[in-house]
Amino acid sequence: MYNQKFLIITAHPDDLETGCGGLVAKVIANGGSVTNLIMVKPSAEQNPNRDQQTVSAELYKSKQTLGFETIVYDTPLHDNGRPNLTLDNNLVTFVESCVKDHDVLITHWREDYHQDHRICYEVGRSVARKTFKSFWCMDEPPYNLHYSNFHCNQYVDITDYVETKRKALESYASYFSSHDIEHIINYNKYRGQFLGKNKIAETFQIIYNKES
């Protein structure tokens, strides 16, 4: 499974690292490939510690750590300089142009409480039916925690890759505090209990799998 070609559609830089950084490290280590299609390009930020240059540099550092490739959508901007991600035919057409030759599609969960994340799910669902063997949604803390309809049916053991995931998260020093990173890793440790003692896991809901 982990030597296949994965396309991961995320709203923002840092979403991949949060929800499936361990999986990405595992795929690369097993000879697979990962492309991260980022739908909201680095841009003006409300956070005074972040700007376009900072986020772009942090994304590059994470790419060097995990080994994935990126495609960044040229998101239209509001007048205030912030990106305006809208689900329309133009967005779906762009994503369709990026999906060829990938086996597995991963994106956000449909009831994620971030509006940009939900748009990623909708566009993912639109294109998934065409070329992918498998379509997964990632369990990205804290965005799914208030919804009971996310049912994990895929546990990925990342015990051997958790420190690589941690390093990738640390790439985003303008966004993640050490407390934030520990919260994410502790969530993975909690999920890992379902695999066995001292296991660490990332979890997903497989929407469909044509190979099963």
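The values are calculated or read from the model by the stated rules, or taken from the named source; none is laboratory data. Given the structure is predicted, the values throughout are model-derived calculations rather than measurements. Virtual Cβ from ideal backbone geometry, glycine too; neighbours counted across all protein chains shown. To get the accessible areas, we keep the full protein, side chains included, count just its heavy atoms, and leave off ligands, DNA and RNA. Shrake-Rupley method; radii C 1.70, N 1.55, O 1.52, S 1.80 Å.
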Residue check, residue 2 touching a His at 6+ places or on another chain (Cβ under 8 Å), in a loop (DSSP other than H, G, I, E, B) and open to solvent by 40 Å² or more (accessible area, probe 1.4 Å): no
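I'm trying to understand the selection: among the residues of the range 62-78, which are part of a strand (DSSP E or B), open to solvent by less than 70 Å² (accessible area, probe 1.4 Å) and among the aliphatic types (A, V, I, L, M)? I'd like the intermediate steps shown before the answer.
Kept after step one, since they are part of a strand (DSSP E or B), are these residues of the range 62-78: 69-72, 77.
Filter again for open to solvent by less than 70 Å² (accessible area, probe 1.4 Å), leaving 70-72.
Selection gives 71, 72.
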Test: residue in the range 30-50 that is within 30 Å of residue 199 (Cα to Cα), buried (at least 24 other Cβ atoms within 10 Å of the Cβ), of a type in the set (A, V, I, L, M, F, W, C) and in contact with a strand residue (DSSP E or B) (Cβ under 8 Å, 6 or more places away or on another chain): yes
First in the range 114-130 and of a type in the set (A, V, I, L, M), second anywhere and surrounded by fewer than 18 Cβ atoms within 10 Å (Cβ to Cβ) and assigned to a helix (DSSP H, G or I), Cβ under 7 Å, 6 or more apart: 123/92; 127/92; 127/96
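Please work out if residue 96 is among the acidic types (Asp, Glu), at pLDDT 90 or above and in contact with a helix residue (DSSP H, G or I) (Cβ under 6 Å, 6 or more places away or on another chain).
Working: among the acidic types (Asp, Glu): yes; at pLDDT 90 or above: yes; in contact with a helix residue (DSSP H, G or I) (Cβ under 6 Å, 6 or more places away or on another chain): yes.
Criteria met by residue 96.
Would you check which residues across the range 190-212 are in contact with a strand residue (DSSP E or B) (Cβ under 8 Å, 6 or more places away or on another chain) and either assigned to a loop (DSSP other than H, G, I, E, B) or open to solvent by 100 Å² or more (accessible area, probe 1.4 Å) (or both) and list them?
194, 195, 199, 200, 210, 211
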Number of the condition not met by residue 126 [criteria: (1) open to solvent by less than 10 Å² (accessible area, probe 1.4 Å); (2) in a helix (DSSP H, G or I)]: (1)
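Return the residue satisfying two criteria in turn: it lies in the range 149-173 and is in a loop (DSSP other than H, G, I, E, B) and closer than 21 Å to residue 67 by Cα, and of such residues it is most open to solvent (accessible area, probe 1.4 Å).
Here is the first cut: in the range 149-173, the ones in a loop (DSSP other than H, G, I, E, B) are 149-153, 158, 171-173.
Checking which are closer than 21 Å to residue 67 by Cα leaves us with 158, 171-173.
Details: 158: 0, 171: 6, 172: 0, 173: 80 Å².
If we take residues in the range 149-173 being in a loop (DSSP other than H, G, I, E, B) and closer than 21 Å to residue 67 by Cα, then 173 is most open to solvent (accessible area, probe 1.4 Å).
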Those residues of the range 95-123 which are open to solvent by 40 Å² or more (accessible area, probe 1.4 Å) and assigned to a helix (DSSP H, G or I), in sequence order: 96, 115, 118, 122
Cβ pairs under 8 Å, 6+ apart, first in the range 89-107 and under 21 Å from residue 140 (Cβ atoms), second modelled with pLDDT of 90 or more and open to solvent by 60 Å² or more (accessible area, probe 1.4 Å): 102/5; 104/5; 104/133
